[in-house]
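Here's the structure we're looking at; comments come further down.
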Amino acid sequence: MSDYLDSVDECVDRVVAIVGHDIRLGAPLGLGKPVQLINAFYRRAKADPDISLHIFTALSLEVPTPGSPIEAALADPIMERLFGDYEDLLYLKDLRNGSMPDNIQLSEFYFKAGSMKGVGPAQRNYISTNYTHVARDLVNHGVNVLAQLVAAREGESGTEISLSSNPDTGLDIYRALRESGAQAVVIGQVHPDMPFMENDALVDADFFDLLVRNPGYDKTLFAVPNTAVPMADYATAVHASALVPDGGTLQVGVGSLGDAICHALLLRHTEPAAYRDMLSGLSAAPSPLNEDCEPFQRGLYVSSEMFVHGMMHLVEQGVVKRRVYDNLVLQEGLNSGAISERVDAALYDYGRRRGLIPARLDDASLATLRYWGVVPAELTLAEDGLALGAATLANDLDDPATRAALLAAQDGSELRHGCILHGGFFLGPRDFYRKLASLGPRGQERICMTSVLRTNQLLQDPALYRAQRGGARFINTGMMVTLTGAVASDALEDGTVISGVGGQYNFVAMAHDLPGARSILCIRSTRGQGRQVRSNIVPHYGHITVPKHLRDVIVTEYGVADLRGQCDSEIIKRLLNVTDSRFQAELLEAARAAGKIEADYRIPEMALENTPKKLGRALKPHYRAGLLMDYPFGSELTGDEIALGASLRKIRALSEEPAQFIPRVVRALAHRQDESDVAVQQLLERVNLRHPDTPREFLVQQLLLLELEERGVLRAS
């Protein structure tokens, strides 16, 4: 039974007494970090150089820092509203300013994208590993303390604990530590706002050695605000969402593209005509991989390492609704159409043929059939047969009277314990956490937070997972793709780690192992702006995440390139068709120089207009119709905050492009806005620009007013 403590410092004392001064602390990625507990370990090691502290984790969350006083004036009130009294991880500040003591080390296996560029210690101590290998690797590193933020509730038999947001690796590290017999301490820190998730996330009371519970530690949970979806991501998402079959399996990665894909799937379901119009406007020729794109009838099942908040919207709108069952006989029957989820004669006939329903019930078989809802929950074994209420039945499932009585008792009922979603971890906005916390019994039964050893691979139960994951589409993002189909997703060619491998390699490999599955890697065709714009489709690159022998489907904003099983010259042609037209000629020449494509090859006319203007023509009418928007799942920012933030970002980007910036400045200075207008004064006051103190601030003020007028926030003078 766990020991309850109300002090993180007392918890550290207990741990030091058990494991000594060499502390190797493992903590989950993202939301599941017990911040106050980790900070207590960090403070203790910082104060005592005899303690060696090595923290193993990933995705350390931190409140964004504004880049300038003007941005800070806008952002500070927003940060206070969104993040409240969230307590920062102490090690991040010291890591960034280079003051982390020599007796403390931090190793992460995944960064927030771009957050650790230029941070030497983070780059040096990064561990590159597949998500499914994290538990193995941490145990091999000698992790002797496992700490996690958990949810708790009072049940009939006492306090119940849920791993909530992060059963992803915790379940497996715990199991490996216990099986190894290593001396280790498992600690939970209870937070009342953590959604209580059942199924695999629900653990026994003795899972933890120590539980910390103190209202003083109940700070605001880290909630990730919704980010704006750019037009290019919407275009990519429309292409990718058309590849998802009804009745299939879905996995979606993190970020604005994940939001865009979920929204595109919703549009496909709720606005099919407009959706098909978007798709045809973006595609000179439809992809042969496209589905019929009618509203979802069977619906989708989700198996994803990350449960993103867009998936909750898909659940609410009936897109994600296909249930899978952890029983191979049932799942195969559903797949073949031999049975439905209804408990009826067809199910009984099928169950008897396949051995799911034995002729005579015993304790084990009765428990199994009750669990799946095949027989009534009140059915019990009796000395002389089966008891169903006041009736006694023959313990013979082939007996017509027994069979008829059981079917009558189950009339209109369906199978139980089917899941529509298996996820490894979740992280998102506050509204997402509230929805999860308010799940009723039906929602809890259908959503299972579990280990990434289940979501990200097939090895634990290949036959069952193959049966469940029909029509799988694993949709992730990459940074760059070479002309021969290799993809760089996690790092640059000089070794700088941008994010991490995470589960991408697993999902790509699984797509090749699952019948009918496809890996879809979405890549923005370009990066940068103005004279700094560069193609993300490149002749070659010095670092890869997904090797070319696992190439499958690449999607950019300009279309779909099916690379699976193709020769190099055909792959190059297909990638050129989805390349930004500003870079097609030089890439074609590079392929010719390498002897990888015919000397006389010409890019088809239909692919020569891959430009941002083409995207605008196709999608802007749908923005005006209200079908596409910057924040498809809402925002906690006000309309003025959104407009001010977008305008300041645009001004900052323009300042790096003199050819565009100077004419813009001239226009802004020639343009006049009535600065006595109350609305103008309020907006300028919001960013401390009502009374600019320097020529630079005056220039920004004038550029901002022009931007806001063009965005329709201010009226033209």
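The values are calculated or read from the model by the stated rules, or taken from the named source; none is laboratory data. Quick caveat: nothing in here was measured; it's all calculated off a predicted structure. Methodologically, a virtual Cβ is constructed for each residue, glycine included, from the backbone with ideal geometry; neighbour enumeration extends over all protein chains shown. Heavy atoms of the whole protein, side chains included, go into the accessibility calculation; ligands, DNA and RNA do not. Shrake-Rupley method; radii C 1.70, N 1.55, O 1.52, S 1.80 Å.
At 0.36 nm per residue, minus the direct Cα-Cα distance, what do Ala367 and Tyr4 gain on full extension? Give it in nm, one decimal, please.
In short, 127.2 nm is gained.
Would you pull out the residues with amide H under 5 Å of Glu414's amide H, same chain only if 5 or more places away, H placed 1.01 Å from N?
Val343
In whole Å and largest first, what semi-axes does the C-alpha gyration tensor of the range 81-168 yield when each eigenvalue is scaled by 5 and square-rooted?
Each semi-axis is √(5λ); the values are 29, 20, 13 Å.
Put +1 on the Cβ of each Lys and Arg and -1 on the Cβ of each Asp and Glu in the chain; which of Ser581, Leu95, Ala437 then has its Cα farthest toward the positive end of the dipole?
After comparing all options, I get Ser581.
Starting from one equal scatterer on each C-alpha and no solvent at all, send me the Debye-based log10 I(q)/I(0) for the range 531-579 at q = 0.14, 0.16, 0.25, 0.32 Å⁻¹, two decimals.
Here the Debye-derived log intensity ratios amount to -0.36, -0.47, -1.09, -1.40.
Which order do Val324, Val329 take when ranked by solvent-accessible area (1.4 Å probe, heavy atoms of all protein chains), largest first?
My answer, sorted largest first, is Val329, Val324.
Treating cross-link reach as a plain straight distance, find the lysines whose alpha-carbon is under 18 Å from the alpha-carbon of Lys219, omitting any fewer than eight places away in the same chain.
Cα-Cα hits under 18 Å: Lys33.
Rounded to a whole number of µm²/s, how large is the Stokes-Einstein D of the range 313-391 at 25 °C and 0.890 mPa s, given Rh as the Kirkwood radius over C-alpha pairs?
Estimated diffusion coefficient is 174 µm²/s.
Hey, what do the phi angles of the range 618-633 turn into as Karplus ³J(HN,Hα) couplings, whole Hz, using 6.51/-1.76/1.60 and θ = phi - 60°, x for Gly and Pro?
Result, rounded to whole Hz: 6, 9, 4, x, 7, 5, 5, 7, x, 8, 10, 8, 4, 10, x, 10.
If I compute solvent accessible area with a 1.4 Å probe over the protein chains, what percent of it on the chain is carbon and sulfur?
C and S fraction of accessible area: 51 percent.
Evaluated at 20 °C with a viscosity of 1.002 mPa s, what Stokes-Einstein diffusion coefficient in µm²/s does the range 169-258 have when Rh comes from the Kirkwood expression over alpha-carbon pairs?
121
How many angstrom lie between the C-alpha centres of the range 443-474 and the range 311-371?
Taking the Cα centre of each part, the range 443-474 and the range 311-371 sit 16 Å apart.
Among the lysines, which have Cα under 25 Å from the Cα of Lys548 when same-chain residues fewer than 8 positions away are ignored?
Lys548 reaches Lys573, Lys596.
How about the range 408-497: which GluC sites (Glu not before Pro) there are in a DSSP loop, with at most 15 other Cβ atoms within 10 Å of their Cβ?
Glu493
From the phi of every residue in the range 501-510, what ³J(HN,Hα) in whole Hz does the Karplus formula 6.51 cos²θ - 1.76 cosθ + 1.60 yield, where θ is phi - 60° and glycine or proline is x?
Couplings: 5, x, x, 4, 4, 4, 5, 5, 5, 5 Hz.
Treating the range 256-307 as a set of equal point scatterers at the Cα positions, no solvent, please give the Debye-formula log₁₀ I(q)/I(0) at q = 0.29 Å⁻¹.
Log10 I(q)/I(0), no solvent term: -1.26.
Working out 0.36 nm times the residue gap between Glu62 and Arg178, then minus their Cα-Cα distance, what length gain in nm do you get to one decimal?
Gain on extension, Glu62 to Arg178, equals 38.5 nm.
Which of the three applies to the range 280-340, rounded, prolate or oblate, going by the alpha-carbon gyration tensor with a ≥ b ≥ c and a/c under 1.5 meaning rounded?
oblate
Which one of Phe56, Val452, Thr545 is farthest out on the positive end of the charge dipole of the chain, using unit charges on Cβ (Lys, Arg +1; Asp, Glu -1) and the Cα centre as origin?
Projecting each Cα onto the dipole axis, the largest value belongs to Thr545.
So what's the convex hull volume per residue for the Cα atoms of the range 448-497, in Å³?
It comes to 147 Å³ per residue, whole-number rounded.
With a/c under 1.5 counting as rounded, go ahead and sort the range 217-260 into rounded, prolate or oblate using the C-alpha gyration tensor (a ≥ b ≥ c being the square roots of the eigenvalues; past the cut-off, prolate if a/b is larger than b/c, else oblate).
Oblate is the answer for the range 217-260, as a/c is 1.5 or above yet b/c matches or exceeds a/b.
Considering only C-alpha atoms, what is the centroid distance from the range 244-309 to the range 148-197, in Å?
Between the Cα centres of the range 244-309 and the range 148-197 lies a distance of 35 Å.
Rank these residues by their accessible area, most exposed first, probe 1.4 Å: His622, His671.
Largest accessible area first, the list is His671, His622.
Sort all Cα-Cα distances of the range 17-135 into consecutive 10 angstrom bins from zero, then give the percent of pairs in each bin up to the one containing the longest distance.
12, 40, 34, 12, 2, 0
Scale the Cα Rg of the range 211-309 by the rule-of-thumb value 2.2 N^0.38 Å and send over the ratio, two decimals.
Dividing the Cα radius of gyration by 2.2 N^0.38 Å gives 1.37.
Taking the alpha-carbon centroid of each part, what is the distance from the range 562-607 to the range 212-233 in angstrom?
The distance from the Cα centre of the range 562-607 to that of the range 212-233 comes to 43 Å.
When the solvent-accessible surface of protein heavy atoms is calculated with a 1.4 angstrom probe, in what order do Asp384, Asp209 fall, highest first?
I get Asp384, Asp209, largest accessible area first.
Explain nothing, just compute: Karplus ³J(HN,Hα) = 6.51 cos²θ - 1.76 cosθ + 1.60, θ = phi - 60°, for every residue of the range 332-346 in order, whole Hz, x for Gly and Pro.
5, x, 5, 4, 7, x, 5, 9, 10, 7, 7, 7, 8, 4, 4
Can you list the residues, at least 5 places off or on another chain, whose amide H is less than 5 Å from the amide H of Cys522, using H built in the peptide plane?
Hits under the 5 Å cutoff: Asn476, Thr477, Gly478, Val555.
At 1.4 Å probe size, what's the solvent-accessible area of Arg442? Round to the nearest 10 Å².
Rounded to the nearest 10, that gives 150 Å².
Taking 0.36 nm per residue of sequence separation and subtracting the Cα-Cα distance, how much length would be gained by fully extending the chain between Asp399 and Gln444, in nm to one decimal?
12.6 nm
Take the Cα coordinates of the range 24-88, assign each an equal point scatterer, and use the Debye formula without solvent to give log10 I(q)/I(0) at q = 0.27 Å⁻¹.
Cα-only, vacuum Debye calculation for the range 24-88: -1.12.
Under a 5 Å amide H to amide H cut-off, with H placed in plane at 1.01 Å, what residues pair with Thr129 once short-range neighbours are removed?
Under 5 Å from the amide H of Thr129 lie the amide H atoms of Val501, Gly502, each far enough along the sequence or on another chain.
On a straight-distance basis, which lysines could pair with Lys321 in a cross-link, Cα separation under 21 angstrom, same-chain partners fewer than 8 positions away excluded?
Partners within reach: Lys435.
Of Pro612, Tyr4, Leu328, which is farthest towards the positive pole of the chain's charge dipole, taken about the Cα centre with +1 and -1 on the beta-carbons of Lys, Arg and Asp, Glu respectively?
Pro612
Pull out a ≥ b ≥ c, the square roots of the eigenvalues of the alpha-carbon gyration tensor of the range 415-523, then state rounded if a/c is under 1.5, prolate if not and a/b is larger than b/c, and oblate in the remaining case.
Verdict is oblate for the range 415-523.
Per 20 Å bin from zero, what fraction in whole % of the C-alpha pairs of the chain is there, up to the bin with the longest pair?
15, 44, 33, 7, 1
Between Ala387 and Asp344, take the C-beta separation as r, use R0 = 25 Å, and let me know the FRET efficiency to the nearest 0.05.
For Ala387 and Asp344, the calculated efficiency is 0.65.
Compute the Rg to Rh ratio over the range 352-407 from the alpha carbon atoms, using the Kirkwood formula for Rh, and round to two decimal places.
A ratio of 0.91.
What ratio of Cα Rg to 2.2 N^0.38 Å holds for the range 554-703?
1.53
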